[in-house]
1. If you roll a 1.4 Å probe over the heavy atoms of the protein chains, what accessible area per residue do you get for the chain, in Å²?
2. How much mean residue ellipticity at 222 nm does the chain get from its helices, if each DSSP H run of length 4 or more adds -39500 (n - 2.57) and you divide by all residues, to the nearest 500 deg cm²/dmol?
3. Name the residues of the range 39-61 whose amide N is less than 13 Å from a point 7 angstrom out from the Cα of T5 along the C-beta direction?
4. Can you tell me the alpha carbon radius of gyration of the chain divided by the globular rule-of-thumb value 2.2 N^0.38 Å?
5. What length, rounded to one decimal in nm, is gained on full extension from R57 through to R19, with 0.36 nm per residue of separation minus their alpha-carbon distance?
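The values are calculated or read from the model by the stated rules, or taken from the named source; none is laboratory data. In this text, all values refer to a predicted model and were calculated from it rather than measured experimentally. Glycine also receives a Cβ, built like all others from the backbone with ideal geometry; neighbour counts cover every protein chain displayed. Keep in mind that these areas ignore ligands, DNA and RNA; they rest on the heavy atoms of the full protein, side chains included. Shrake-Rupley method; radii C 1.70, N 1.55, O 1.52, S 1.80 Å.
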Amino acid sequence: MSDVTLTKSERTVIALLERGGIATHEAIHDALYPDGEWCESNVVQVLIHQLRAKLGRDRIQSVRGVGYQLAEKTT
């Protein structure tokens, strides 16, 4: 990620994912909009798509019906 520029929202999502475990759609939404603001229903999916484009498709894994998690780093 050293040469990748992330938006504030993308950095928020990455910070949540880096905590470990599975980040649910609701947890990501709440991290992005802590005051309960309304947002488009697909905002989480769009941010994940953008992050995958910047970091690589395999870096963020979908957990079907639950949310997302970071893939294990391979050396």
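1. On the way: 5380 Å² over 75 residues.
Value for the chain: 72 Å² per residue.
2. The helix contribution divided over the chain gives -13000 deg cm²/dmol.
3. Output list for this probe position: empty.
4. 1.06
5. 11.7 nm
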